[in-house]
Each structure stands twice: as structure tokens, then as C-alpha cells.
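Structure first, then comments.
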Amino acid sequence: MTTPDPIAYMDAAAATPVGLAYKRRFVDALDVRPGHTVVDVGCGPGTDLAALADAAGTGGSVIGVDRDPRMLDEARRRLASRPTVDLRPGDIERLPFAAASADRARVDRVLQHVPDPAAAISELHRVLRPGGRCGMAEPDWHTLAVADEDEETSTGFADFVASGVRNATVGRHLARLCVDSGLRVRSVEPIAVLFRDFADAEQILGLRRNCARAVQAGKLARERAEAWLRRLADGPVVAGFTFYLVTADK
């Protein structure tokens, strides 16, 4: 099965009840104020830039950074009517900003993919002004669990999904990495991401797609995986993982 389009996947995840709720909490936790300069690292197609721009007001500025030109092009299209929003190419480990130039910085589901999360958080520390705040939101994929009578297949599926993420447990380490970089941890909030509907779990967890990949890789038995999927499709579905939202001050 084909890999979902990244922009479509991000939009779908952001539109789920869990996605909408944690993104509101994320903006609230950052405490963006009128006049602030806010950096959104790994902004993707601009999902959160409008909310940040609203909080920063007409006297503030919001800068979205992404390494993918396609994401930046889509963000520019979506934010064309927002004069306080700027979009720049850049890498989280080498941000295109002077030291102490931002009041707020955020990273949402990016650190799980980068080569060196510690270096990335040190970059956030560098670009923040004294008294500035950063926020990070990351899953812990080793907490993924899917309820089914075949626990071996459920565990095998979860292990396979986690094995495909570079930093699968980074969520649980965010507070430690912040302290190591010189930031002062303000809050650590675990968020339960729970799916009770097969279609939602399929959309976000890629149940069929990842099962097919796990079977092809020899990690799951085909007949047991197919039976597992049939039972989940018939319901009830209980599947989820833990997501960490951390804020830290400089």
C-alpha cells in the first residue's frame, strides 16, 4: 500500500478531536503575547501559523521554518493574507536566526525524526531571548497499544511502528534534554491519544498499511495479521499512545 501524502496526513491528524485539543493547549502553554516574535520550527503546511499570528497580534511576527520546499509553498498559499507571517527554509539543527532573536519557539512532532534532538533543543535555547519560552510536543511510540485477543500480533504491530521512527521515545526524554541544554522546564503534560473508531485509527496509525509492511518484513504472520485487522474493523477499537507536551523557559 502506498505511503499517504504528508500534507494530507498532517491535515487529517490536526483535524481529529485529539489534534484540535492538544494544539489549542499548545498555543495556550506558549503564552504568546501581542508584539512577540514567534518561531514555528518544522511548520509544515502552516497548520498552526494563523493561531500563533492571532496571538502575536499586528505588532508581532510569526516565522515558519521548514526544510521541505513543498511544505513552505503550501504554507505560503494558505497564509498569503497574513502579513505578519514569514516563511523561511531552514534546518532545526542550524536555524536561520541570530542568537536571542525570538520570544517564543515551538516544535511539533519534529524531534522524533531529527538526527540529534539534543542539538535541536540547544538551537532553540540559542535563538530564544532571555525570559523566552519554547514548547515541544512529541509522541512516545513505545507506549503504542492496540487491544485485541491476539496480544502477540498487537505487540508485534506496535513494535514494528516504533521501529520505523528514528527517535521513537523522544517524548519521554524532552524534559531531560531541555535541562541539559540550559532551559528551565516549566511543564510536562502527558496527553493520552485514544482511538475508538477504526477509521480514525486507520487514518493516523496506518493499520492496514503498516500491517502489510510488517508482513512483508517478516515481523507478522500474514493470516494472523489479516484476522487481527478483521476483528479491529468489526470493533470495538481501543488503541492509543502517550503524547508529551513540554514547555521550558530560558
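The values are calculated or read from the model by the stated rules, or taken from the named source; none is laboratory data. Please read all numbers here as calculations on a predicted model, not as lab measurements. Positions of Cβ are generated from backbone atoms using ideal geometry, with glycine treated the same way; all protein chains shown enter the neighbour counts.
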Query raised in the report: Of (1) crowded, with 17+ Cβ neighbours inside 10 Å; (2) touching a Ser or Thr at 6+ places or on another chain (Cβ under 7 Å); (3) not β-branched (Val, Ile, Thr), Ala162 satisfies all except one. Which?
Result: (2)
Report task. Might you check whether a residue that is modelled with pLDDT of 95 or more, more than 30 Å from Leu194 (Cβ to Cβ), buried (at least 19 other Cβ atoms within 10 Å of the Cβ) and in contact with a Leu (Cβ under 6 Å, 6 or more places away or on another chain) occurs anywhere in region 53-61? Result -> no
Report task. Go through region 73-121 and give me each residue that's touching a Leu at 6+ places or on another chain (Cβ under 9 Å) and closer than 24 Å to Leu20 by Cβ. Result -> Ala75, Arg76, Arg78, Leu79, Arg82, Val85, Leu87, Arg104, Ala105, Arg106, Val107, Leu111
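Yes/no matrix, rows are residues, columns are (1) farther than 30 Å from Cys211 by Cα; (2) out of contact with any Asp or Glu (no Cβ under 7 Å at 6 or more places or on another chain):
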{"site": "Asp91", "(1), (2)": "yes, yes"}
{"site": "Pro117", "(1), (2)": "no, yes"}
{"site": "Ser122", "(1), (2)": "yes, yes"}
{"site": "Arg129", "(1), (2)": "yes, no"}
{"site": "Arg133", "(1), (2)": "yes, no"}
{"site": "Thr143", "(1), (2)": "no, yes"}
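Here are Pro4, Pro45, Pro83: which of them is out of contact with any Pro (no Cβ under 8 Å at 6 or more places or on another chain) and either buried (at least 20 other Cβ atoms within 10 Å of the Cβ) or among the basic types (Lys, Arg) (or both)?
On the way: Pro4 fails: either buried (at least 20 other Cβ atoms within 10 Å of the Cβ) or among the basic types (Lys, Arg) (or both); Pro83 fails: either buried (at least 20 other Cβ atoms within 10 Å of the Cβ) or among the basic types (Lys, Arg) (or both).
Within the list Pro4, Pro45, Pro83, the selection yields Pro45.
Could you please let me know if Val237 is aliphatic (A, V, I, L, M), outside any helix (DSSP H, G or I) and surrounded by 15 or more Cβ atoms within 10 Å (Cβ to Cβ)? Spell out the reasoning first.
Numbers: aliphatic (A, V, I, L, M): yes; outside any helix (DSSP H, G or I): yes; surrounded by 15 or more Cβ atoms within 10 Å (Cβ to Cβ): yes.
Yes.
Which is assigned to a helix (DSSP H, G or I) and at pLDDT below 95, of Glu202, Glu223? Steps first, please.
Details: Glu223 fails: at pLDDT below 95.
Residue meeting the stated conditions: Glu202.
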Query raised in the report: Across region 226-250, what is the total count of residues that are under 26 Å from the mean Cα position of the chain (by Cα) and small (Gly, Ala, Ser)?
Result: 3
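Is at least one residue of region 217-225 buried (at least 20 other Cβ atoms within 10 Å of the Cβ) and within 18 Å of the chain's Cα centre (by Cα)?
First pass over region 217-225, keeping only residues buried (at least 20 other Cβ atoms within 10 Å of the Cβ): 220, 225.
Next, only the ones that are within 18 Å of the chain's Cα centre (by Cα) stay: none.
Within region 217-225 (the criterion being buried (at least 20 other Cβ atoms within 10 Å of the Cβ) and within 18 Å of the chain's Cα centre (by Cα)), the answer is no, since none of the residues qualifies.
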Report summary line: Of (1) touching a Ser or Thr at 6+ places or on another chain (Cβ under 7 Å); (2) buried (at least 22 other Cβ atoms within 10 Å of the Cβ), His142 satisfies every one except (2)
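Within region 180-206, how many residues are touching a residue at least 60 places away in the same chain (Cβ under 8 Å) and of a type outside the set (Val, Ile, Thr)? Walk me through how you get there before you give the answer.
Filtering region 180-206 for residues touching a residue at least 60 places away in the same chain (Cβ under 8 Å) gives 180-187, 189, 191, 193-194, 200, 203-206.
Of the ones still in play, those that are also of a type outside the set (Val, Ile, Thr) are 180-184, 186-187, 189, 194, 200, 203, 205-206.
Residues that pass the stated criteria total 13.
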Query raised in the report: Which number in (1) in contact (Cβ under 8 Å) with a residue 24 or more places away in the chain; (2) surrounded by fewer than 15 Cβ atoms within 10 Å (Cβ to Cβ); (3) more than 30 Å from Asp140 (Cβ to Cβ); (4) of a type in the set (Gly, Ala, Ser) marks the one condition that Ser101 misses?
Result: (2)
